[in-house]
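Take a look at the structure below.
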Amino acid sequence: MSMLVSVVWHRPVRLHDSEKFIYWCDIDRIPRKPGVYVFAKQWGTRLVPMYVGKAQNIKARVVQQLTGNVRLMRGIENEDIGRRVVVAGELERKPGVNVAKAVHIIEAALMAKFIEDGYELLNAAGTKRPHHKLEFSGNLRCRRLSGTRIEVKA
């Protein structure tokens, strides 16, 4: 059975250096609702995703990441230039929607889309998640079998 899942994106919240932790942010701007969050780099209006996570309480989970996931924060710190931000995507609750299942679907869909779009994401361990692009050429009949491009997660 398919379900309609709706997400409301909040404005990006800037991460800043912290004396106690690697990064901190204006945590009061992040909702205490179920949904997803994306750590990203921002250039003007463009966002480049670095990490996607899910949570029953986005605010609490982002605090856990900022205060306890040193590998992830170092991974974000070691990325190329760009303002570091966190973006919350709040699940819009609908009657009959299983929240845990919905946030899992949203996280998986966003990760797949970002990887398909060519972004390198940091996995839960805070290291790059390799993916490979395969290109096929040559015999037309065989190319129809394989297609011309395939992306594979390692």
**Request:** Tally the residues that are of a type in the set (Gly, Ala, Ser) and within 16 Å of VAL63 (Cβ to Cβ), restricting the search to region 27-51.
**Result:** 1
**Message:** The conditions are (1) touching a strand residue (DSSP E or B) at 6+ places or on another chain (Cβ under 6 Å); (2) farther than 17 Å from VAL36 by Cβ; (3) modelled with pLDDT of 85 or more; (4) of a type outside the set (S, T, N, Q), and VAL152 fails exactly one of them. Which is it?
**Reply:** (3)
**Message:** Criterion first (touching a residue at least 40 places away in the same chain (Cβ under 8 Å) and farther than 17 Å from ASN78 by Cα) does LEU4 satisfy it?
**Reply:** yes
**Item:** Test: residue in region 99-121 that is closer than 16 Å to VAL13 by Cα and out of contact with any Ser or Thr (no Cβ under 7 Å at 6 or more places or on another chain)
**Value:** no
**Residues of region 4-17 satisfying the condition of being touching a strand residue (DSSP E or B) at 6+ places or on another chain (Cβ under 9 Å) and part of a loop (DSSP other than H, G, I, E, B)** = VAL5, HIS10, ARG11, PRO12, LEU15
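Here's the yes/no breakdown for (1) more than 18 Å from GLY75 (Cα to Cα); (2) in contact with a His (Cβ under 8 Å, 6 or more places away or on another chain):
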site: ILE22; (1), (2): no, no
site: ARG29; (1), (2): yes, yes
site: GLY35; (1), (2): yes, no
site: ALA40; (1), (2): no, no
site: ALA55; (1), (2): yes, no
site: ALA60; (1), (2): yes, no
**Request:** Kindly check whether there is at least one residue in region 9-27 that is under 18 Å from LEU122 (Cα atoms) and of a type in the set (D, E, K, R).
**Result:** no
**Asked** Out of region 52-78, which residues are under 18 Å from MET111 (Cβ atoms) and either hydrophobic (A, V, I, L, M, F, W, C) or modelled with pLDDT of 95 or more (or both)?
**Response** VAL52, GLY53, LYS54, ALA55, ILE58, ARG61, VAL62, GLN65, LEU72, ILE76
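The values are calculated or read from the model by the stated rules, or taken from the named source; none is laboratory data. Small disclaimer: the values here were computed from a predicted structure and weren't measured. Here Cβ is always computed from backbone atoms with ideal geometry, including for glycine, and neighbour counts include all displayed protein chains.
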